[in-house]
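Structure first, then comments.
What follows is calculated from the coordinates using simple rules that are stated; it is not laboratory data. In this text the structure is predicted, and so the values were computed from the model without any measurement. Because the Cβ atoms are built from the backbone with ideal geometry, glycine has one as well, and the counts that use them run over all protein chains shown.
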Amino acid sequence: MPNDKPLGEIDLDCWEQYDDLITDSLWLLGKRDNAGAHAADYWGNFAPQIAHQAMRRFTKLGELVIDPFVGYGTTLIEAVRLGRCAIGVDLQPSCVDTARARVGQAAGASDARAVALVGDSTRPETAAAVQEVMHQWGFTHAHLLILHPPYHDIIRFSDDPSDLSNAPSIEAFLAGFGQVVGNFAPLLAQGRFLVLVIGDKYARGEWVPLGFQTMEVVRQHGFRLKSICVKDIHENRGKRGQYHLWRYRALKHNFYVFKHEYVMFFEKTNP
Ligand SMILES: C[S@@+](CC[C@H](N)C(=O)[O-])C[C@H]1O[C@@H](n2cnc3c(N)ncnc32)[C@H](O)[C@@H]1O
C-alpha cells in the first residue's frame, strides 16, 4: 500500500505554513547555500538545499539518513543542522576527513549524530559496517537514503579502480551503481524514500541518459518511482566563465548545453 501520510515533519492541519518546502517538479534553486559548515569547494558536491528539502519532506527529527557517496559531507552537515542522524560513506579517506571536520563544525545545539566512514559502497561489507553503527545508535532501519553517485566519468574523483567514476564503460558503471543500491536498500525501512541526484553526460557526439538509466536500476531493486524533479545547474566549476564557448559548441555541433540535473524520489515497496 502506498504511504498516504507525510513522512516528514509536516503537520497537515497547518499545511499552508510550509511555504519553503518544494512541491513542484521544477527546482530552480539558484545559488548554492554556503552557510555554516557548507562550502562549494568540492568538485562535484551538491547544493545543500537538495538534502534539506529531502530530509524535511521525508524524515522527522531524530530519524536516520544514509549517504553512500558522501563526498565532503553535504548530507551529514545538513542532517546535523536539521536534527537528523546520518551515516555517510566515501571511498576517499581525504573526503571522509573533510566531512568529519565539517560535521564537527556543524554540530552544536543539536543532539543529532553524524559519522563518515571510509569504504567502497559497492561492497557488502561496507553496508555491514554502516549497519553496525546503526545498531550502536539503536536504529534497526534507516529512514532515508540519499545517493549522489559520480555521473560516470565526467569528473574523475580518484585513481581508485573501485571509484564508479573509473568504471570502464556505462554498463560497468550501472552494474557498480546497482551493487550500491542492492547493498544499501535492505537498510532502509519499508515505505521509506531513496533520493537519487544525477545528471546525464555527453560522449562521442551522443547524449547519454545516465539519469534514466540509473532510474531503471533503482526501480529494478524494488522501488516505486514517485517523482522526477528537474533541477537547474546554477554554474558548475567546469563551465564557469565559458558560457560563450559552450554556446558556440552547441550551435556548431547541434546539441543543447546541460543546464539541468535530476532529483528523483523512490519509495521502497519490496523488502
Ligand atoms: C558526486 S560526488 C558526491 C558529492 C557529495 N554529495 C557532496 O556534496 O560532497 C560522488 C562521490 O562518490 C565517491 N565514490 C565513487 N565511487 C565510490 C564507491 N565505490 N564507494 C564509495 N564512494 C564512492 C567519490 O569519491 C565522490 O566523493
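Summing charges over neighbours of ALA51, with a neighbour being any other residue whose Cβ is under 14 Å away from its Cβ, gives +3 when K and R count +1 and D and E count -1. Using the Cα centre of region 134-271 as the reference point, and only Cβ charges (+1 on K/R, -1 on D/E), how large is the resulting charge dipole? Debye, rounded to the nearest 20. Value, rounded to 20: 500 debye. Taking one quarter of the surface of the convex hull spanned by the alpha-carbon atoms of region 1-112 gives a direction-averaged projected area of 8.4 nm². Relative contact order, whole percent, for region 88-226 stands at 22, derived from Cα pairs under 8 Å and 6 or more residues apart.
Between GLY138, VAL180, ALA112, the Cα set farthest toward the positive side of the dipole of region 39-268 (charges on each charged residue's Cβ, about the Cα centre) is that of ALA112. One equal scatterer on each Cα of the chain, no solvent, Debye formula: the resulting log10 I(q)/I(0) at q = 0.10 Å⁻¹ is -0.49.
Nothing charged except the Cβ atoms of Lys and Arg (+1) and of Asp and Glu (-1): what's the magnitude of the dipole of the chain about its Cα centre? Round to the nearest 20 debye. Charge dipole, the chain, about its Cα centre: 640 debye, nearest 20.
The residue list PRO149, ALA99, PHE258 was ranked by how far each Cα lies along the charge dipole of the chain toward its positive end, using unit charges on Cβ atoms, and PHE258 comes out on top. When restricted to Cα atoms, region 178-271 yields an Rg and a Dmax of 16.4, 49 Å, respectively. Each peptide among 46-55, 210-219, 21-30 gets the average number of other Cβ atoms lying within 10 Å of its residues, and from highest to lowest they stand as 46-55, 210-219, 21-30.
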